[in-house]
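A short write-up of the structure that comes next.
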Amino acid sequence: MNGRERTLSFIAGRPVDRTPFHPIIMRWAAQYAGVKYREFCLDYRQKCAAMIKCAEDFSIDWVTVLSDPYVEAQAFGLQVEFPENDLPLERGGLLESVEAAGRLRPCCARDHSRMTNRINEIKEFKRLTGNQYFIVGWVEGPIAEYSDLRGLSNAALDFFDDPETVHKALDIITESALNFITEQVKAGADCIGIGDAFCSQIGPELYREFAFEREKKMVDHIHALGALAKLHICGNTTSLISDMIKTGADIIDIDHLVSSMAPFAPLLGSGQVFSGNSDPVAVIQNGREAGIRESVQRCRTEAQGRCIVSAGCEVPPGTTIENMNVFAATAAAPL
């Protein structure tokens, strides 16, 4: 059973030989493969090679296009600097006012190089690996994208000061994301991740007002194209998880700041699973073998066996190869 088969079967509730292993690796993958992070973000061929090497060496079941949150933001005009071997940096081009946000126009994926790179990356994964791995594309969710374009503080104030204009901007962001989703699924993605990080900072009321219906629209669109959907919101999403499940996403990521998945496991519908939620720093990077094994087993127990093995968010680059091997071996252990 290969990674794609294992993942699809697990989500569908069919028997599998082991739990799928989907660690979120970006800086760690680049470092392990000896690729400078600038190239990891900008050169899809080097990015594919790095991700495939990690999948092969650590029995990882997915490959993803994840590298940084600025792919669509650059298409909307954000200026980004790419240090040789560090995270990308915003260097200007933030929307100066909520009124400017209201003047956003949709961006077409094929008109912007980094969006095209992502499409080409999925094609490259498909060319090199066929159906061996579960290929996951990615788009920014509406709240995450708006906060990238306005800055976190300005975005938070805009929700209260001018909600009508914010809704208008979010509709444009969502329209552009739907186009980008279509292109990625056409390129061969089995699943599209929706990353809406800032939602955990705005609370459940604003989440329902500004994010929920738009995320659900993205999920419905992904399903209409024949792919699966993954919803990732960083932070403590305890107050949002029931709504995240209601979006219909097939995979719901749970960050380590959520104290327990147990109250929410009964809410999962048929064909829905959690992914997470081991602490990426305290457990995966800094922990010992026993702690890693205990954390993975806890996740399985809390989710009633319906949890893909992953950390709650990105595995840090300081994680040792030994700890990654333990993480992988624990994923492969019997339920």
If a residue must be within 18 Å of residue 114 (Cα to Cα), open to solvent by 50 Å² or more (accessible area, probe 1.4 Å), in a helix (DSSP H, G or I) and touching a residue at least 24 places away in the same chain (Cβ under 8 Å), how many such residues does the stretch 30-45 contain? 3
When you scan the stretch 258-280, do you find a residue that is under 18 Å from residue 142 (Cα atoms), open to solvent by less than 10 Å² (accessible area, probe 1.4 Å) and touching a residue at least 24 places away in the same chain (Cβ under 8 Å), even just one? no
Residues satisfying the stated conditions in the stretch 14-29, i.e. touching an Asp or Glu at 6+ places or on another chain (Cβ under 7 Å), within 15 Å of residue 1 (Cα to Cα) and in a loop (DSSP other than H, G, I, E, B): 20
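Name the single residue, out of those in the stretch 102-133 being farther than 20 Å from residue 68 by Cα and not in a loop (DSSP other than H, G, I, E, B), that is least open to solvent (accessible area, probe 1.4 Å). Explain how you work it out, then say what you get.
Step one: of the stretch 102-133, the residues farther than 20 Å from residue 68 by Cα are 102-106, 126-133.
Retained after the next criterion (residues that are not in a loop (DSSP other than H, G, I, E, B)): 126-129.
On the way: 126: 62, 127: 162, 128: 87, 129: 18 Å².
If we take residues in the stretch 102-133 being farther than 20 Å from residue 68 by Cα and not in a loop (DSSP other than H, G, I, E, B), then 129 is least open to solvent (accessible area, probe 1.4 Å).
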Which residues, counting only those in the stretch 228-248, are in contact (Cβ under 8 Å) with a residue 40 or more places away in the chain and over 12 Å from the mean Cα position of the chain (by Cα)? 228, 240
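One line per residue, one yes/no per condition, for (1) farther than 24 Å from residue 242 by Cβ; (2) basic (Lys, Arg):
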residue	(1), (2)
153	yes, no
173	yes, no
199	no, no
208	no, yes
Residue 141 fails exactly one of (1) over 17 Å from residue 194 (Cα atoms); (2) among the small types (Gly, Ala, Ser); (3) within 15 Å of the chain's Cα centre (by Cα), namely (1)
Of the residues 247, 238, only one is open to solvent by 20 Å² or more (accessible area, probe 1.4 Å) and more than 17 Å from residue 22 (Cβ to Cβ); which? 238
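Considering only residues that are open to solvent by 20 Å² or more (accessible area, probe 1.4 Å) and either modelled with pLDDT under 95 or touching a Gly at 6+ places or on another chain (Cβ under 9 Å) (or both), which ones fall in the stretch 306-322? Before you say what the answer is, go through the steps one by one.
To start, the set of residues in the stretch 306-322 that are open to solvent by 20 Å² or more (accessible area, probe 1.4 Å) comprises 306, 313-314, 317-318, 320-322.
Residues satisfying the conditions are 306, 313.
Quick check on my filter: what residues within the stretch 215-233 are open to solvent by 10 Å² or more (accessible area, probe 1.4 Å), in a helix (DSSP H, G or I) and touching a strand residue (DSSP E or B) at 6+ places or on another chain (Cβ under 7 Å)? Before you say what the answer is, go through the steps one by one.
As a first pass, look at the stretch 215-233 and keep what is open to solvent by 10 Å² or more (accessible area, probe 1.4 Å): 216-217, 220-221, 223-226, 228, 232.
Keeping just the survivors that are in a helix (DSSP H, G or I) gives 216-217, 220-221, 223-224.
Of everything in the stretch 215-233, just one residue is open to solvent by 10 Å² or more (accessible area, probe 1.4 Å), in a helix (DSSP H, G or I) and touching a strand residue (DSSP E or B) at 6+ places or on another chain (Cβ under 7 Å), namely 223.
Yes/no matrix, rows are residues, columns are (1) in contact (Cβ under 8 Å) with a residue 24 or more places away in the chain; (2) under 15 Å from residue 33 (Cα atoms):
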position	(1), (2)
47	yes, yes
56	no, yes
61	yes, no
74	yes, no
83	yes, no
99	yes, no
102	yes, no
108	yes, no
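Just to be sure before I move on: is residue 136 open to solvent by less than 50 Å² (accessible area, probe 1.4 Å) and in a helix (DSSP H, G or I) in the structure I sent?
no
The values are calculated or read from the model by the stated rules, or taken from the named source; none is laboratory data. These numbers come from a predicted model, not from an experiment. As a convention, Cβ positions derive from the backbone with ideal geometry for all residues, glycine included, and neighbour counts pool all protein chains shown. Side chains are part of the model used for accessible areas, which takes the heavy atoms of the whole protein and leaves out ligands, DNA and RNA. Shrake-Rupley method; radii C 1.70, N 1.55, O 1.52, S 1.80 Å.
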